[in-house]
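Asks: Encoded as structure tokens, here's the structure I'll be asking about.
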Amino acid sequence: MTPAPALLPPDTGTWLTGWLRDALAARGWDVEVDVQEGADMVCPPPVPLVVVRDDSGTRTGLTTFLVQVGISVLAGPRRDASAARALAREVYALATGDAVASAPGSPVAAVDWGSCRGPYAVPDDQDVSRQYVTAGYRVVGAPA
């Protein structure tokens, strides 16, 4: 049996960060989108913060992977979750919609809807409302 060729998984988190930033701006949201929370983050943040974390996944074929991303939405103080909930619903709609697979340069071949969850509240020790979303994707890798 011939071994599978070496395959690099795409950097789905970084790509999704840029795509979400543009898509949210197009919908009128003034937000920061990044792959991590800053060490000097102020709570609540002056503008909502969306953090995309690539949780990796498994190789499923000669050129494909099944990956999971987790997306945190931080907005407003802990006592008022309305802004975080509204933004998290928008993030979920975008991250799990078909447009994510048809966007230019997207590594996403398809959304794995059975792996999509949220949004739901996550307790935070800081004075910020935090919501969480997950999305699963079938993605295409590149030869190593």
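Asks: Quick check for me: using +1 on Lys/Arg Cβ and -1 on Asp/Glu Cβ, what's the dipole size of the stretch 15-144 about its Cα centre, in debye to the nearest 20? Let's see the in-between values first.
Replies: Numbers: 11 positive and 15 negative charges, 84 e Å.
Once rounded to the nearest 20, the dipole reads 400 debye.
Asks: Right, something else. In whole Hz and in residue order, list the ³J(HN,Hα) couplings for the stretch 38-51 that follow from phi through the Karplus curve 6.51 cos²θ - 1.76 cosθ + 1.60, θ = phi - 60°; x for Gly and Pro.
Replies: So the J values, rounded to whole Hz, are x, 5, 9, 4, 8, 10, x, x, x, 10, x, 10, 10, 10.
Asks: While we're on this one: Please compute the contact order of the chain in relative form: average sequence separation of alpha-carbon pairs under 8 Å and at least six residues apart, divided by the residue count, as a percent. Write out the running numbers ahead of the final one.
Replies: Values: 307 pairs, mean separation 40.2, N = 144.
Once divided by the residue count of the chain, the mean separation gives 28 percent.
Asks: Right, something else. With only Lys, Arg, Asp and Glu charged, each at its Cβ (+1 for the first two, -1 for the last two), find how big the charge dipole of the stretch 44-116 is about the Cα centre; round to the nearest 20 debye. Show your work: numbers first, answer last.
Replies: Details: 6 positive and 6 negative charges, 52 e Å.
Charge dipole, the stretch 44-116, about its Cα centre: 260 debye, nearest 20.
Asks: Under 10 Å, Cα contacts only: if you run a Gaussian network model on the chain, which one of ALA39, ALA93, ALA75 comes out with the highest mean-square fluctuation?
Replies: Judging by the Gaussian network model, the answer is ALA39.
Asks: Something else about it: Of GLY18, GLY61, GLY70, which has the largest mean-square fluctuation in a 10 Å C-alpha GNM of the chain?
Replies: Result: GLY61 has the largest fluctuation of those listed.
Asks: Something else about it: What figure in square angstrom, to the nearest 10, would you give for the accessible area of TRP113 with a 1.4 Å probe?
Replies: Answer for TRP113: close to 150 Å² accessible.
Asks: Moving on to the next point. Looking at the chain from every direction and averaging, what is the projected area of its Cα convex hull in nm²? Don't jump to the answer; show the numbers that get you there.
Replies: On the way: hull surface 37.7 nm².
Its Cα hull, projected and averaged over all orientations, spans 9.4 nm².
Asks: Tell me, what is the FRET efficiency for ARG59 and VAL35 to the nearest 0.05, using R0 = 22 angstrom and their Cβ-Cβ distance as r? The partial results should precede the final answer.
Replies: Working: r = 22 Å, r/R0 = 1.01.
Rounded to the nearest 0.05, the efficiency is 0.50.
Asks: Once you mark the trypsin sites (Lys or Arg not before Pro) that are in a DSSP loop and have at most 15 other Cβ atoms within 10 Å, what is the longest gap between them in the chain?
Replies: 80-144
Asks: For the chain, with all protein chains present and a 1.4 Å probe, just round the carbon and sulfur fraction of the accessible area to a whole percent.
Replies: Values: 4200 of 7590 Å².
Taking all protein chains in place, the chain shows 55 percent carbon and sulfur surface.
Asks: On to the next question. Run through all the Cα pairs of the stretch 1-46 and give the fraction in each 5 Å bin from 0, expressed as whole percent.
Replies: The percentages, shortest bin first, are 5, 16, 18, 15, 17, 8, 6, 5, 5, 3, 2, 0.
Asks: How big is the gap, in Å, between the Cα center of the stretch 1-60 and the Cα center of the stretch 76-144?
Replies: If you average the Cα positions of each part, the centres end up 9 Å apart.
Asks: Which one of LEU16, THR63, PRO104 is farthest out on the positive end of the charge dipole of the stretch 1-127, using unit charges on Cβ (Lys, Arg +1; Asp, Glu -1) and the Cα centre as origin?
Replies: THR63
Asks: Suppose all protein chains stay in the model; what accessible area per residue would a 1.4 Å probe give for the chain, in Å²? Write out the running numbers ahead of the final one.
Replies: Details: 7590 Å² over 144 residues.
Accessible area per residue, the chain: 53 Å².
Asks: If ligands, DNA and RNA are left out, what is the accessible area of GLU37 with a 1.4 Å probe, given in Å² to the nearest 10?
Replies: The value for GLU37 is about 70 Å².
Asks: Here's something else I'd like to know. Which residue, VAL91, VAL52, VAL122, has the most motion in a Gaussian network model of the chain that connects Cα atoms within less than 10 Å?
Replies: VAL122
Asks: If you don't mind, another one. Can you tell me the relative contact order of the stretch 1-86? Whole percent, Cα pairs under 8 Å, sequence separation 6 or more. Working shown, then result.
Replies: Numbers: 114 pairs, mean separation 20.7, N = 86.
Once divided by the residue count of the stretch 1-86, the mean separation gives 24 percent.
The values are calculated or read from the model by the stated rules, or taken from the named source; none is laboratory data. Predicted model only: the values in this text are computed from it and were never measured. So basically every Cβ, Gly included, is an ideal-geometry build from the backbone, and we count neighbours across all protein chains shown. We work out accessible area using only protein heavy atoms, side chains counted, and drop any ligands, DNA or RNA first. Shrake-Rupley method; radii C 1.70, N 1.55, O 1.52, S 1.80 Å.
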